[in-house]
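*Asks:* Shown below is the structure under consideration.
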Amino acid sequence: MATNLIGTPYMLEVDTTTVTTSARGTEANYKLLACLTTNGVEFNNAEQNTSNKCDGGYATSVSGIGSWSFSADGQAVSLETGEAATKTNFNAILALAKNKTIFFARMTNTAKDVYREGKVRISTYSETAPNSDAYTFTATFVGIGELFILPVTP
(Lines give C-alpha, C1' and ligand atoms only; values in the text may rest on other atoms or scores of the structure.)
Protein backbone atom coordinates (compact mmCIF):
# COMPACT_ATOMS: atom_id res chain seq x y z
CA MET A 1 0.00 0.00 0.00
CA ALA A 2 1.23 3.50 -0.80
CA THR A 3 2.43 5.76 2.01
CA ASN A 4 1.60 9.45 1.95
CA LEU A 5 4.60 11.73 2.35
CA ILE A 6 4.35 14.60 4.84
CA GLY A 7 6.01 17.85 3.68
CA THR A 8 7.65 18.76 6.99
CA PRO A 9 11.08 17.11 6.46
CA TYR A 10 11.52 18.49 2.91
CA MET A 11 13.66 21.60 3.25
CA LEU A 12 15.08 24.19 0.88
CA GLU A 13 18.84 24.69 1.00
CA VAL A 14 21.13 27.13 -0.82
CA ASP A 15 24.76 26.96 -1.91
CA THR A 16 26.11 30.44 -2.57
CA THR A 17 29.77 29.36 -2.37
CA THR A 18 30.22 26.91 -5.27
CA VAL A 19 31.03 28.81 -8.47
CA THR A 20 28.18 28.75 -10.96
CA THR A 21 30.44 27.45 -13.72
CA SER A 22 30.01 24.09 -11.93
CA ALA A 23 27.10 21.89 -13.03
CA ARG A 24 25.92 21.14 -9.47
CA GLY A 25 26.24 22.56 -5.99
CA THR A 26 28.67 21.14 -3.42
CA GLU A 27 27.25 19.08 -0.55
CA ALA A 28 29.43 20.76 2.09
CA ASN A 29 28.39 24.25 0.93
CA TYR A 30 24.61 23.82 1.20
CA LYS A 31 22.95 25.75 4.03
CA LEU A 32 19.40 25.31 5.29
CA LEU A 33 17.02 28.19 4.59
CA ALA A 34 15.83 28.61 8.19
CA CYS A 35 12.25 28.52 9.46
CA LEU A 36 10.27 27.91 6.28
CA THR A 37 6.56 27.27 6.65
CA THR A 38 6.14 25.96 3.07
CA ASN A 39 8.38 25.28 0.09
CA GLY A 40 7.89 23.60 -3.24
CA VAL A 41 8.94 23.08 -6.82
CA GLU A 42 7.08 23.78 -10.07
CA PHE A 43 8.02 22.38 -13.49
CA ASN A 44 6.50 23.47 -16.82
CA ASN A 45 6.88 22.41 -20.45
CA ALA A 46 6.02 25.16 -22.92
CA GLU A 47 3.52 24.16 -25.57
CA GLN A 48 4.72 24.10 -29.16
CA ASN A 49 1.71 24.27 -31.47
CA THR A 50 1.84 21.70 -34.28
CA SER A 51 -1.73 22.24 -35.55
CA ASN A 52 -2.36 22.28 -39.28
CA LYS A 53 -5.22 21.94 -41.74
CA CYS A 54 -5.01 18.12 -41.64
CA ASP A 55 -5.86 17.86 -37.91
CA GLY A 56 -9.63 17.79 -38.40
CA GLY A 57 -10.24 21.01 -36.50
CA TYR A 58 -8.46 19.94 -33.30
CA ALA A 59 -5.30 21.42 -31.84
CA THR A 60 -2.13 19.36 -31.65
CA SER A 61 1.09 20.19 -29.84
CA VAL A 62 4.39 18.87 -28.52
CA SER A 63 6.33 19.79 -25.42
CA GLY A 64 8.76 22.64 -25.90
CA ILE A 65 11.23 24.34 -23.57
CA GLY A 66 11.09 23.22 -19.95
CA SER A 67 11.22 25.68 -17.06
CA TRP A 68 11.09 25.30 -13.29
CA SER A 69 11.18 27.19 -10.01
CA PHE A 70 11.29 26.76 -6.24
CA SER A 71 8.94 28.64 -3.92
CA ALA A 72 9.57 29.44 -0.27
CA ASP A 73 7.46 30.99 2.46
CA GLY A 74 9.00 31.43 5.87
CA GLN A 75 9.29 33.31 9.10
CA ALA A 76 11.96 35.97 9.45
CA VAL A 77 14.40 34.90 12.18
CA SER A 78 17.77 35.99 13.42
CA LEU A 79 20.40 33.28 13.56
CA GLU A 80 21.89 32.29 16.91
CA THR A 81 25.66 32.31 17.41
CA GLY A 82 27.17 29.43 15.44
CA GLU A 83 24.11 28.81 13.24
CA ALA A 84 25.50 30.82 10.32
CA ALA A 85 27.78 27.90 9.43
CA THR A 86 24.79 25.64 8.63
CA LYS A 87 21.81 27.98 8.09
CA THR A 88 20.86 31.10 6.18
CA ASN A 89 17.93 33.42 6.76
CA PHE A 90 15.67 35.99 5.13
CA ASN A 91 18.35 38.72 5.19
CA ALA A 92 20.73 36.60 3.11
CA ILE A 93 17.94 35.69 0.67
CA LEU A 94 16.99 39.37 0.21
CA ALA A 95 20.66 40.21 -0.43
CA LEU A 96 20.82 37.50 -3.14
CA ALA A 97 17.68 38.94 -4.76
CA LYS A 98 18.91 42.54 -4.56
CA ASN A 99 22.30 41.64 -6.04
CA LYS A 100 20.76 39.47 -8.81
CA THR A 101 23.02 36.61 -7.72
CA ILE A 102 22.96 33.25 -9.47
CA PHE A 103 23.53 30.34 -7.06
CA PHE A 104 22.50 26.73 -6.37
CA ALA A 105 19.39 25.61 -4.50
CA ARG A 106 17.92 22.23 -3.67
CA MET A 107 14.88 20.76 -1.99
CA THR A 108 15.35 17.43 -0.24
CA ASN A 109 15.18 15.63 3.08
CA THR A 110 17.94 13.96 5.09
CA ALA A 111 17.46 10.61 3.34
CA LYS A 112 17.49 12.33 -0.08
CA ASP A 113 14.71 10.01 -1.27
CA VAL A 114 13.09 13.03 -2.97
CA TYR A 115 15.67 15.35 -4.51
CA ARG A 116 15.43 18.55 -6.59
CA GLU A 117 18.50 20.70 -7.40
CA GLY A 118 19.63 23.33 -9.84
CA LYS A 119 21.08 26.73 -10.53
CA VAL A 120 18.70 29.59 -9.64
CA ARG A 121 18.16 33.31 -9.30
CA ILE A 122 15.49 35.02 -7.22
CA SER A 123 12.74 36.56 -9.35
CA THR A 124 10.47 37.81 -6.56
CA TYR A 125 10.92 38.47 -2.86
CA SER A 126 8.49 40.03 -0.38
CA GLU A 127 8.25 40.57 3.38
CA THR A 128 5.22 41.12 5.59
CA ALA A 129 5.45 42.54 9.12
CA PRO A 130 1.93 42.42 10.60
CA ASN A 131 0.94 43.77 13.99
CA SER A 132 1.26 41.11 16.74
CA ASP A 133 2.03 38.28 14.32
CA ALA A 134 5.09 36.64 12.76
CA TYR A 135 7.27 38.68 10.38
CA THR A 136 7.26 36.58 7.20
CA PHE A 137 8.88 36.42 3.77
CA THR A 138 8.13 34.83 0.40
CA ALA A 139 10.61 34.13 -2.39
CA THR A 140 10.51 32.57 -5.85
CA PHE A 141 13.72 30.98 -7.15
CA VAL A 142 13.69 30.69 -10.96
CA GLY A 143 15.61 27.75 -12.39
CA ILE A 144 18.46 28.34 -14.83
CA GLY A 145 19.18 25.28 -16.94
CA GLU A 146 18.36 21.71 -15.96
CA LEU A 147 16.49 20.61 -12.83
CA PHE A 148 18.25 17.58 -11.39
CA ILE A 149 16.02 15.04 -9.62
CA LEU A 150 18.75 12.68 -8.38
CA PRO A 151 21.67 13.50 -6.07
CA VAL A 152 25.22 13.47 -7.38
CA THR A 153 26.57 9.92 -7.37
CA PRO A 154 30.09 9.52 -5.97
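The values are calculated or read from the model by the stated rules, or taken from the named source; none is laboratory data. Remember, it's a predicted structure, so these values are computed and weren't measured experimentally. Quick reminder, even Gly has a Cβ in these numbers, built from the backbone with ideal geometry, and neighbours come from all protein chains shown.
*Asks:* How do the pairs read when you match residues in region 136-154 that are among the charged types (D, E, K, R) with residues anywhere that are part of a strand (DSSP E or B), using Cβ under 7 Å and keeping only pairs 6 or more apart or on different chains?
*Replies:* The qualifying pairs are 146/118.
*Asks:* Those residues that are within 24 Å of residue 106 (Cβ to Cβ), assigned to a loop (DSSP other than H, G, I, E, B) and not β-branched (Val, Ile, Thr), I need them from region 26-77; list them, please.
*Replies:* If the condition is that a residue be within 24 Å of residue 106 (Cβ to Cβ), assigned to a loop (DSSP other than H, G, I, E, B) and not β-branched (Val, Ile, Thr), then 30, 34, 35, 76 are the ones that fit.
*Asks:* The conditions are (1) touching a residue at least 60 places away in the same chain (Cβ under 8 Å); (2) over 17 Å from residue 10 (Cβ atoms); (3) of a type outside the set (A, V, I, L, M, F, W, C), and residue 78 fails exactly one of them. Which is it?
*Replies:* (1)
*Asks:* Test residue 42 against the stated conditions and say whether it is modelled with pLDDT of 95 or more, within 18 Å of residue 101 (Cβ to Cβ) and among the acidic types (Asp, Glu).
*Replies:* The answer is no for residue 42.
*Asks:* State yes or no: is residue 152 in contact with a Lys or Arg (Cβ under 9 Å, 6 or more places away or on another chain), more than 20 Å from residue 27 (Cβ to Cβ), not aromatic (Phe, Trp, Tyr) and not in a helix (DSSP H, G or I)?
*Replies:* It is false that residue 152 is in contact with a Lys or Arg (Cβ under 9 Å, 6 or more places away or on another chain), more than 20 Å from residue 27 (Cβ to Cβ), not aromatic (Phe, Trp, Tyr) and not in a helix (DSSP H, G or I).
Residue by residue, here is whether (1) out of contact with any helix residue (DSSP H, G or I) (no Cβ under 8 Å at 6 or more places or on another chain); (2) closer than 22 Å to residue 93 by Cβ; (3) aromatic (Phe, Trp, Tyr) holds:
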site: 119; (1), (2), (3): yes, yes, no
site: 130; (1), (2), (3): yes, yes, no
site: 138; (1), (2), (3): yes, yes, no
site: 141; (1), (2), (3): yes, yes, yes
site: 149; (1), (2), (3): yes, no, no
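*Asks:* Here are some residues: 146, 80. Which one is in a loop (DSSP other than H, G, I, E, B) and on the phi < 0 side of the Ramachandran plot?
*Replies:* Of the residues listed, the single one that is in a loop (DSSP other than H, G, I, E, B) and on the phi < 0 side of the Ramachandran plot is 80.
*Asks:* Which residues, taken from region 87-105, are in a helix (DSSP H, G or I) and polar (S, T, N, Q)?
*Replies:* Passing the criteria: only 91.
*Asks:* Any idea which of (1) among the β-branched types (Val, Ile, Thr); (2) in contact (Cβ under 8 Å) with a residue 12 or more places away in the chain; (3) part of a loop (DSSP other than H, G, I, E, B) is the one residue 3 doesn't satisfy?
*Replies:* Unmet for residue 3, out of (1) among the β-branched types (Val, Ile, Thr); (2) in contact (Cβ under 8 Å) with a residue 12 or more places away in the chain; (3) part of a loop (DSSP other than H, G, I, E, B): (2).
*Asks:* Let me spell it out: the conditions are (1) surrounded by fewer than 13 Cβ atoms within 10 Å (Cβ to Cβ); (2) farther than 30 Å from residue 132 by Cβ; (3) in contact (Cβ under 8 Å) with a residue 40 or more places away in the chain; (4) among the hydroxyl-bearing types (Ser, Thr, Tyr), and residue 18 meets all of them except one. Which number is the exception?
*Replies:* The number of the failed condition is (1).
*Asks:* When residue 72 is evaluated against the numbered criteria (1) in contact with a Leu (Cβ under 6 Å, 6 or more places away or on another chain); (2) exposed (fewer than 12 other Cβ atoms within 10 Å of the Cβ), which criterion, by number, is the only one it fails?
*Replies:* Unmet condition: (2).
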